[in-house]
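The values are calculated or read from the model by the stated rules, or taken from the named source; none is laboratory data. Predicted model only: the values in this text are computed from it and were never measured. Heads up, the Cβs are rebuilt from the backbone with ideal geometry, glycines too, and the neighbour counts pull from every protein chain shown. Please note that ligands, DNA and RNA were not included when accessible areas were found on the heavy atoms of the full protein model with its side chains. Shrake-Rupley method; radii C 1.70, N 1.55, O 1.52, S 1.80 Å.
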Amino acid sequence: MSWRSALGRVEGHGSAKEGVSHWWVQRLTSVALIPLGCWFVIALLALPQLDYSTVAAWVRGGWTAPVLILFVIVGAWHSQLGVRVVVEDYVGDVGMKTLALALSSFAHIVLAAIGVFAVLRIALGSAA
Amino acid sequence: MAQLRLPKDSRVNPRGRVHRAAASSASTRTLRIYRFDPESAEGPRVDTFELDVSSCPMVLDALILIKGTLDSTLTFRRSCREGICGSCAMNINGLNRLACTTSMADLGGEIRIYPLPHMPVVKDLVPDLTQFYAQYALVEPWLKTRTPAPPDRERLQSKHEQERIDRPAACILCACCSTACPSYWWNGERFLGPAALLAAYRWIVDTRDEESGERLDQLEDPFRLYRCHTIMNCTDVCPKDLNPAKAIAEIKKMMVTRRY
């Protein structure tokens with residue numbers, strides 16, 4: 001039971017004056033993922049087989065590595081923005097929400113770093 | 001975390017009282033209506049009413065007939081009975097609509113009537129709309145200007161400018177849209193909901209208003225505006241055929257374009 005007025009309750013701590021960047025970047029990354037995702041799937045399907053040496057040779061060839069790195073970064077970025085929305089939607093407790101958002105951000109950065117490192121290691125490593 | 005089950009006192013007993021009109025006829029219909037009395041120790045229940053509805057073209061007529069002949073304690077809001085006051089908004093066969101503009105003939109089988117979803121219930125079909133009205137007040141739904149009004153006439157608009165606010169201004173604040181929105185269910189205290197955002201849009205695009213920027217500032221918030229995930233239940237259920245989802249999308253576009 002609170003004696004705070006209804007208007008005071010919905011006013012809360014006021015407008016955060018942000019959210020537009022998050023919303024806009026989520027749209028931009030989703031648009032970017034359409035060609036990147038299609039390219040990734042089509043390129044893999046076009047390979048004669050999907051064993052390690054064939055895929056590694058594909059990663060080393062031509063422009064594959066930079067586009068693959070872009071795909072990893074944009075994918076992780078988009079996923080982080082999306083998971084943030086899900087957490088904000090469904091986790092009501094402020095402490096849990098803060099923890100979940102922080103952990104999700106860390107996890108996405110770590111995943112992106114591992115992905116980029118993996119691509120670089122294959123692309124710049126020796127052919128053997 | 002999200003609560004998946006209603007608290008014990010809010011769980012609805014599906015087998016409430018049964019009220020039958022004396023004579024049964026071909027036009028007898030069954031209405032199953034949510035009941036809750038805050039002064040009784042009993043939790044909410046669903047009562048069954050069977051009555052001749054031949055004199056009831058609309059659902060509201062049937063409710064009035066029930067109140068007049070079968071159970072005078074049945075409580076609901078109603079006023080204009082022609083879809084302009086928004087009082088009799090309720091959930092009828094799973095959709096939020098106005099009882100006065102919902103035809104009995106359009107509803108097949110048993111008719112299930114509940115209060116608007118996910119709002120505190122005052123009694124029976126009467127939801128507590130305090131928060132909903134506060135959110136409307138928050139968007140300051142009135143003309144704000146710095147330029148003094150012309151001394152000899154009203155502030156003018158072109159026909160085209162008026163047409164932009166024609167539809168949004170037709171909102172009757174029945175709350176069908178906001179209470180149909182899952183985002184509003186989960187975060188109703190912080191998400192303003194489609195009705196308040198439609199009202200905000202109506203003033204943002206009003207060419208006589210001079211505080212569009214301040215209005216956008218007030219809305220720029222991950223919860224107030226961006227909880228809208230374009231589910232579009234709002235537009236689906238609006239009894240006035242308005243499009244709050246589009247208004248919200250327009251606000252989001254303005255948020256982006258004002259930065260470039």
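Figures for the structure shown
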| item | result |
| --- | --- |
| Selected from B:PRO7, A:GLY95, B:ILE113, residue furthest toward positive end of dipole (the protein assembly as shown; charges at beta carbon) | A:GLY95 |
| Calculated from backbone phi, Karplus (6.51, -1.76, 1.60) coupling profile of region A:7-19 in Hz, x at Gly/Pro | 5, x, 5, 6, 5, x, 9, x, 6, 6, 6, 8, x |
| Selected from A:HIS22, A:HIS13, A:HIS78 as most flexible by GNM, with chain A as the system and alpha-carbon contacts under 10 Å | A:HIS13 |
| Surface share of carbon and sulfur [accessible, 1.4 angstrom probe, percent] for region B:24-72 | 51 |
| Cβ-placed point charges (K, R +1; D, E -1), dipole of chain B about Cα centre in debye, nearest 20 | 440 |
| Residue-wise HN-Hα coupling along region A:77-90, computed from phi with Karplus coefficients 6.51, -1.76, 1.60 (Hz; x: Gly, Pro) | 4, 4, 5, 4, 5, x, 5, 4, 4, 4, 4, 4, 5, 10 |
| Alpha-carbon radius of gyration plus Dmax, which is the widest Cα pair, for chain A in Å | 20.7, 72 |
| Value of relative contact order over chain B, rounded to a whole percent, pairs C-alpha under 8 Å and six or more apart | 15 |
| Dipole magnitude (debye, nearest 20) for region B:126-166, charges at Cβ of Lys, Arg, Asp, Glu | 220 |
| Spatial separation of Cα centroids for region A:1-30 and region B:221-256, in angstrom | 15 |
| Region B:244-259 - phi-based ³J(HN,Hα) in whole Hz, Karplus 6.51/-1.76/1.60, Gly and Pro as x | x, 4, 5, 4, 5, 4, 5, 4, 4, 5, 5, 4, 7, 5, 6, 8 |
| Whole-percent carbon and sulfur share, accessible surface of chain A, 1.4 Å | 74 |
| Translational diffusion of the protein assembly as shown, µm² s⁻¹ [Kirkwood Rh, Cα pairs; Stokes-Einstein; 20 °C; 1.002 mPa s] | 86 |
| Alpha carbon centroid spacing (whole Å) that separates region B:77-124 from region B:1-64 | 12 |
| Amide H contacts under 5 Å for B:ARG112, placed H, 5+ residues apart | B:ARG32, B:ASN93 |
| Accessible area of region B:130-259 belonging to carbon and sulfur atoms, whole % at 1.4 Å probe | 52 |
| Close Lys-Lys pairs in the protein assembly as shown, where close means Cα under 20 Å and separation is 8 or more or interchain | 5 |
| Residue-level accessible surface for A:HIS108, protein heavy atoms, 1.4 Å, Å² | 30 |
| Region A:20-123, relative contact order in percent, only Cα pairs under 8 angstrom and at least six apart counted | 35 |
| Surface accessible to a 1.4 Å probe, A:PHE106 within the full protein complex, Å² | 130 |
| Only Lys, Arg (+1) and Asp, Glu (-1) charged, at Cβ; chain A dipole about Cα centre in debye | 160 |
| Accessible surface, per residue, of the protein assembly as shown when the full set of protein chains is kept, probe 1.4 Å, Å² | 54 |
